[in-house]
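Reviewing the structure listed below.
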Amino acid sequence: MGRRRSRLAAAVAGALLVLPAAAPAQEGAAEQARRADALLSELLRDEGNEELLRRAAVLREDCLAAGNYRTAELVAGQLVARRPSSLADHHRYIRILLARGEREHARENLEGLIRDIPSDCTAYRMQAEMHASLGEARKALEVHARHHKEHPGEAGAPYAMASLALRDLRDYDAARAAIAALRTVGKAPAASPETAAFCRENADLLAAEAADAGRQAEVLRVHARRLDRMIAGALAATLGALLAGAWLTRRR
């Protein structure tokens, strides 16, 4: 049950960074680029025209459906510049940057978004998932910790922290702290019944997994110490035999 839930949580988190698969192109990239140039020229003359912005959003999605990420990035960037309060536009733009492999640019945009709009939970999750996808589990843990500090009443961050600490970092102290934070969220008076049940069930599963992992780690430590003693004994015996041989064969 725990592993199945873990895989499901990972799939949901990974989906934050995924764009739709490219559909068979109905329109060439060159034609989409031409449309983008014409549309952006119109926007320069009429910055706040809602109809033009709507058409730009449609063009962005058309480009994504065709796999034309280059033009999609251009249009998405212009939408963010003209609709800075639209989190959906920001998130779409960052996903496009990630799809194009522009991780540093995406990271800078996520940091700016979190700094300017700390209530944006999706931005925290996207940044943590980006770090996790690069094998930077410790950095992902730090992002989730920042998210939890900003939104202490939400269960997602402590659950993710516990999962990362336990399964990726093998940091059992951090895992136990995150599990305790998850239980605190579930017991808060403001927690909904669904949130309370989620926290209780997953805290129990993670705690059992942590206890089992801790027992296995202790068994490995015992075996390692036993092996160290055996190796030390074997080395001492070998050294003794060599010294004895040298003594017996010494020149008289």
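The values are calculated or read from the model by the stated rules, or taken from the named source; none is laboratory data. Not measured: the values here are computed from a predicted model. Don't worry about glycine lacking a Cβ; one is built from the backbone with ideal geometry, like all the others, and counts go over all protein chains shown.
Given (1) in a loop (DSSP other than H, G, I, E, B); (2) crowded, with 18+ Cβ neighbours inside 10 Å; (3) of a type in the set (A, V, I, L, M, F, W, C), identify the lone condition not met by A190.
That leaves (2) as the condition not met.
If we scan segment 150-171, do we find a residue that is outside any helix (DSSP H, G or I), surrounded by fewer than 15 Cβ atoms within 10 Å (Cβ to Cβ) and of a type in the set (D, E, K, R)?
Yes: segment 150-171 contains one or more residues that are outside any helix (DSSP H, G or I), surrounded by fewer than 15 Cβ atoms within 10 Å (Cβ to Cβ) and of a type in the set (D, E, K, R).
Do we have R138 as out of contact with any helix residue (DSSP H, G or I) (no Cβ under 7 Å at 6 or more places or on another chain), basic (K, R) and closer than 27 Å to A177 by Cα here?
Yes.
Quick one: is S133 of a type in the set (G, A, S), closer than 26 Å to D89 by Cβ and out of contact with any helix residue (DSSP H, G or I) (no Cβ under 7 Å at 6 or more places or on another chain)? Quick ask: steps written out before the conclusion?
Details: of a type in the set (G, A, S): yes; closer than 26 Å to D89 by Cβ: yes; out of contact with any helix residue (DSSP H, G or I) (no Cβ under 7 Å at 6 or more places or on another chain): yes.
So S133 passes the test.
Looking only at segment 74-109, which residues are β-branched (V, I, T) and either touching a strand residue (DSSP E or B) at 6+ places or on another chain (Cβ under 9 Å) or within 15 Å of E47 (Cα to Cα) (or both)?
Within segment 74-109, the first condition is being β-branched (V, I, T), and the residues that meet it are 75, 80, 94, 96.
Of everything in segment 74-109, those that are β-branched (V, I, T) and either touching a strand residue (DSSP E or B) at 6+ places or on another chain (Cβ under 9 Å) or within 15 Å of E47 (Cα to Cα) (or both) turn out to be V75, V80.
Residues checked against (1) at pLDDT 95 or above; (2) in contact with a Pro (Cβ under 7 Å, 6 or more places away or on another chain); (3) not aromatic (F, W, Y):
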| site | (1), (2), (3) |
| --- | --- |
| R115 | no, no, yes |
| S119 | no, no, yes |
| M130 | no, no, yes |
| S133 | no, no, yes |
| R138 | yes, no, yes |
| E142 | yes, no, yes |
| A145 | yes, no, yes |
| H148 | yes, yes, yes |
| E154 | no, no, yes |
